Structures are given as structure tokens and as C-alpha cells.
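Encoded as C-alpha cells, the structure appears first; notes follow it.
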Amino acid sequence: MTAPSTFGLSTEARNLHWLLSNLVEEVPGVHSVTVVSSDGLMLLSSDPGHLTAKAAGPASGTSDGPTSDGPKGSSADLATIVSGIGSLTVGAAKLMDGGGVKQTMVAMDEGSVFVMSISDGSLLGVHATPDCDMSVVAYHMALFVGRAGHVLTPELRSELRTSLESTQ
């Protein structure tokens, strides 16, 4: 993982970048992590250098762009998936009178996706290997949420979004 540039960011923004990087580096089986705002915009990513999809997709048989362990090699793709899963599960919970959604996990043959609520609709998404220890991933996600939730203010979300847009 390439560390994102945090030059010029507030202390809170730098701390969130550090927490996100630490989640990927310290938790076995985690490929990539993203934080998505309530309106579906990516705020943080463990893979800031891959904000756009590869120049040539798998269907063409070539790949000139950088590769990543994330879905389709793009952190933006993970953010889209996390936003969609979050929206779907919130809708399902409303239909079932189930209350708020705390966490969603999708297990696939070749990977796992975890989505956890942070605060006021923001979501933490993790793409991991199929053989990861789900309880360890969930535990570390909960630690991130506990540390990040109270500082993810509208001002900080705006700063993070602006920071991501400037790297594209």
C-alpha cells in the first residue's frame, strides 16, 4: 500500500489516514479499506493512487495500469460496492422493522466484503480474503469506528473529500 500524502491536512484528517493505513497493514487478510459518506462519496481509501479504474479492464485482456488487490483494481469500485450494500441493507432493515444496520458481511468464493456503520450514514468498507478471520476483521473495524466516529464531522468530511479530489 502506498501511503497517502497527508501534507496540509488537519490533525484529525491525518489521524484518520493513519487509522485506515493501520487497519490494512495490521489485520491479516485485509486487501483494501474505504470510508464512504452518507451520500455515497468516498472520503478515505487505503489505495489513494488507484482512484480511477484501470485503463483497460479484464475483458480486453490487457492491463497497462497499476494493479491492486481491491475489486477491479480500484478503490472507487470498493466505495461504490460499500455504498450500494449499505443502501440495500438499510432498505431491508426498514422493510423488516429491524432498526439500524450495524454490520453487513458478504462471503464469496474468492473474497469477503464487510460494511460497518460509522456515524450519521457514513460507512467503513473492507475487502478481505475468503480465509480471513472474520471476527478479527470485525473487531478491528469496530475499533476504527469507535476511534473515527466522533471526529467524522461535516467539516472533516468536507476536508477529506477535497483532499481526495485533489489527488485525482
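Please go through the stretch 70-119 and pick out each residue that is out of contact with any helix residue (DSSP H, G or I) (no Cβ under 7 Å at 6 or more places or on another chain), among the aliphatic types (A, V, I, L, M) and part of a loop (DSSP other than H, G, I, E, B).
Hit for the stretch 70-119 is MET96, nothing else.
Applying the selection to the stretch 7-42, what residues are open to solvent by less than 80 Å² (accessible area, probe 1.4 Å), farther than 27 Å from THR129 by Cβ and assigned to a helix (DSSP H, G or I)?
THR11, ALA13
Which of (1) modelled with pLDDT of 85 or more; (2) open to solvent by 60 Å² or more (accessible area, probe 1.4 Å) does THR62 not meet, given it meets every other one?
The number of the failed condition is (1).
Please find, among VAL136, VAL145, the residue that is at pLDDT 95 or above and of a type in the set (A, V, I, L, M, F, W, C).
Criteria check complete, one pass: VAL136.
Testing PHE114 on (1) at pLDDT 95 or above; (2) over 13 Å from LEU20 (Cβ atoms); (3) open to solvent by 10 Å² or more (accessible area, probe 1.4 Å), one condition comes back false. Which one is that?
Of (1) at pLDDT 95 or above; (2) over 13 Å from LEU20 (Cβ atoms); (3) open to solvent by 10 Å² or more (accessible area, probe 1.4 Å), only one is false for PHE114: (3).
Can you say whether VAL106 is out of contact with any Phe, Trp or Tyr (no Cβ under 6 Å at 6 or more places or on another chain) and either open to solvent by 50 Å² or more (accessible area, probe 1.4 Å) or among the β-branched types (Val, Ile, Thr) (or both), as far as the supplied structure shows?
For VAL106, the condition - out of contact with any Phe, Trp or Tyr (no Cβ under 6 Å at 6 or more places or on another chain) and either open to solvent by 50 Å² or more (accessible area, probe 1.4 Å) or among the β-branched types (Val, Ile, Thr) (or both) - is met.
Considering only the stretch 151-162, I want to know if a residue exists there that is modelled with pLDDT under 95, of a type in the set (Gly, Ala, Ser) and open to solvent by less than 20 Å² (accessible area, probe 1.4 Å).
For the stretch 151-162, residues modelled with pLDDT under 95, of a type in the set (Gly, Ala, Ser) and open to solvent by less than 20 Å² (accessible area, probe 1.4 Å): absent.
Among the residues of the stretch 126-139, which ones are part of a helix (DSSP H, G or I) and open to solvent by 60 Å² or more (accessible area, probe 1.4 Å)?
If the condition is that a residue be part of a helix (DSSP H, G or I) and open to solvent by 60 Å² or more (accessible area, probe 1.4 Å), then MET134, SER135, TYR139 are the ones that fit.
The values are calculated or read from the model by the stated rules, or taken from the named source; none is laboratory data. Being a predicted model, the structure only gives us computed values, none of them experimental. Note that we place each Cβ from the backbone using ideal geometry, even for glycine, and neighbour counts take in every protein chain shown. Remember, those area values only see protein heavy atoms, side chains included, never the ligands or the DNA or RNA. Shrake-Rupley method; radii C 1.70, N 1.55, O 1.52, S 1.80 Å.
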